[in-house]
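Beneath this line is the structure, given in structure tokens, with notes to follow.
The values are calculated or read from the model by the stated rules, or taken from the named source; none is laboratory data. These figures come from a predicted structure and were not determined experimentally. FYI the Cβ positions are ideal-geometry reconstructions off the backbone, even for glycines, and counts take in every protein chain you see. Quick note on the areas: whole protein, heavy atoms, side chains included, nothing else; ligands and nucleic acids left out. Shrake-Rupley method; radii C 1.70, N 1.55, O 1.52, S 1.80 Å.
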Amino acid sequence: MLKSIESSQNSHRLESIDIVRGLIMIIMALDHVRDFFSYTAYRPDDVTQTSVLLFFTRWITHLCAPTFIFLSGISIYLYSKKEGDLKKTSVYLFTRGLWLIAVEILIISFILTQGYQLTLLEVIWTIGCSMILLAALIWLPRWLQIGLALAMIAGHNALPMLEKVSPDNMVLAFLHNSPFFIGEPPILVAYTIVPWVGVMLLGYVIGPWFFSPAETRNKLLLSSGGLALVLFFVLRFLNLYGDPSPWSIQERGGIFTLLSFLKVSKSPPSLLFLSVTLGVACILLTQAERIPARAKQVLITYGRVPLFYFIAHLALISVTSFLWTYFAFGKGVNLSFTPAKDWPAEYHPGLLRAYFVWLLLMAALYYPCRWYGHYKTKTKRWWVSYL
């Protein structure tokens with residue numbers, strides 16, 4: 001009887017993780033659709049040019065990478081306890097990390113650039129690198145893991161950015177820098193490793209909370225999330241530390257001053273970026289189990305097949321955007337990777353178009369994700385754990 005209760009509790013805990021993961025994956029797709037169907041010549045968070053709707057369409061997607069990597073850390077802890085073998089967990093993390101790096105370079109770069117003219121090192125790459133490092137970090141004492149995670153998240157903004165990346169400082173650039181190009185043919189390092197590995201490690205060290213009663217766990221998550229949000233508002237108001245781009249009074253009016261206040265740096269993710277996004281993520285985890293059953297099931301369907309969903313949704317966006325531009329403008333154009341001067345004269349960004357395509361995409365992916373989710377639960381083939 002006790003064993004069945006524990007099994008039910010574990011399933012319940014994992015459900016909340018899958019619900020939140022599914023939600024942020026749906027939000028993530030909106031950003032990718034916008035990149036291919038409503039790309040702008042200016043950054044959507046440029047408060048001197050953006051609209052309020054475009055700004056928040058981009059801003060809400062900031063939740064995605066930090067939450068996904070944070071939840072990955074939690075899931076890794078749960079996996080390690082399920083296996084009961086730290087060595088096996090370490091080996092799995094190392095091999096899965098290598099696999100994700102290969103997926104980023106060989107599959108995702110091809111899908112996003114519609115060819116191999118450019119190699120991208122983005123979120124899947126940094127997740128892979130973080131897993132490889134976590135394969136070693138899980139052997140450290142928990143107090144040291146907590147210290148390292150917080151140091152990487154809170155302290156990295158004190159590190160200077162490299163103005164020019166060269167062979168002499170390449171390792172430092174990969175660890176912590178703004179996006180940069182290297183090599184020929186070019187490689188775009190859009191995501192560096194620190195502090196993302198700190199985010200995954202933070203998820204790992206709070207993993208024990210998910211073996212506590214729901215009331216205790218939610219209290220810890222709610223207080224942590226609230227503290228993170230208070231930290232964000234206080235540090236952002238002071239304008240002294242935590243983000244390389246201070247906010248300022250905007251000539252366009254008070255609403256754009258507010259947008260300036262909310263604008264935070266993602267590459268690399270600043271302390272304020274991670275404070276607000278992880279703060280929201282913690283609160284979402286406390287509320288996930290309270291949503292209606294139908295909505296819960298939809299989110300779980302996406303949340304349980306993250307890599308399958310990630311590759312499938314990018315492939316579908318890339319193919320359909322190529323077909324749309326081909327039939328609309330007479331040639332296929334990858335708006336995200338084509339200079340604005342070379343865009344078709346008839347092209348104009350359209351957020352309504354992006355939202356419409358996003359909804360169609362979610363509908364198209366639901367049944368394939370549900371099928372693969374069912375397949376994962378029934379098969380014991382080793383490779384399934386890597387997709």
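Here are the numbers:
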read-out: Residues in the range 301-338 reached by a label modelled at TRP383 [backbone nitrogen below 15 Å; 7 Å Cα→Cβ]; value: 308
read-out: Highest-fluctuation residue, TRP143, TRP324, TRP125 considered, GNM on the chain with Cα pairs under 10 Å; value: TRP143
read-out: Segment ASP85-LYS164, length gained on full extension (0.36 nm per residue, minus Cα span); value: 24.1 nm
read-out: Candidate residues PHE110, PHE70, PHE181, PHE308: accessible-area rank, largest first, probe 1.4 Å; value: PHE181, PHE110, PHE308, PHE70
read-out: Heavy-atom surface of the range 205-261, accessible at 1.4 Å and reported per residue (Å²); value: 57
read-out: GNM result for the chain, Cα springs below 10 Å: residue of LEU23, LEU112, LEU360 fluctuating most strongly; value: LEU360
read-out: Two-site label geometry, LEU150 and LYS376: point separation in nm, points 7 Å out along Cα→Cβ; value: 3.3
read-out: Cβ-Cβ FRET estimate between ARG290 and ILE60, R0 fixed at 35 Å, reported to 0.05; value: 0.95
read-out: Which of PHE337, ALA363, TRP383, positive extreme of dipole for the range 291-387 (C-beta unit charges); value: TRP383
read-out: Point-charge dipole on Cβ atoms (K/R +1, D/E -1) for the chain, about Cα centre, debye to 20; value: 1240
read-out: Whole-Hz couplings from phi, Karplus 6.51/-1.76/1.60, listed for the range 207-219; x for Gly and Pro; value: x, x, 4, 7, 10, 8, x, 3, 5, 5, 4, 5, 5
read-out: HN-Hα J in Hz across the range 92-102 - Karplus 6.51, -1.76, 1.60, θ = phi - 60°, x for Gly and Pro; value: 4, 4, 5, 5, 5, x, 4, 4, 5, 4, 5
read-out: Heavy atoms of LYS88 accessible to a 1.4 Å probe, total area in Å² rounded to 10; value: 100
read-out: For the range 294-306, 3J(HN,Hα) per residue [Karplus equation, 6.51 cos²θ - 1.76 cosθ + 1.60, θ = phi - 60°, Hz, x = Gly/Pro]; value: 5, 5, 4, 5, 4, 5, 5, 4, 6, x, 8, 10, x
read-out: Amide H contacts under 5 Å for GLN250, placed H, 5+ residues apart; value: THR257
read-out: Of ILE255, LEU175, PHE310, farthest towards positive along the dipole that unit charges on Lys, Arg, Asp, Glu beta carbons give the chain; value: PHE310
read-out: Relative contact order (%) - the chain, alpha-carbon pairs under 8 angstrom, separation at least six; value: 25
read-out: Size of electric dipole in the range 163-251: Cβ of Lys, Arg +1 and of Asp, Glu -1, about Cα centre, debye, nearest 20; value: 380
read-out: Förster radius 41 Å - calculated FRET efficiency between LEU227 and TYR326 (Cβ-Cβ, nearest 0.05); value: 0.20
read-out: Net lengthening on full extension, LYS219/LEU140 (0.36 nm per residue, minus Cα-Cα); value: 25.8 nm
read-out: Label of the coordinate-derived value, mean projected area of the Cα convex hull in nm², listed as [x] 30.2; [y] 27.1; [z] 20.7; value: [z]
read-out: Charge context of ARG43, other residues only, Cβ under 15 angstrom, K/R +1, D/E -1; value: 0
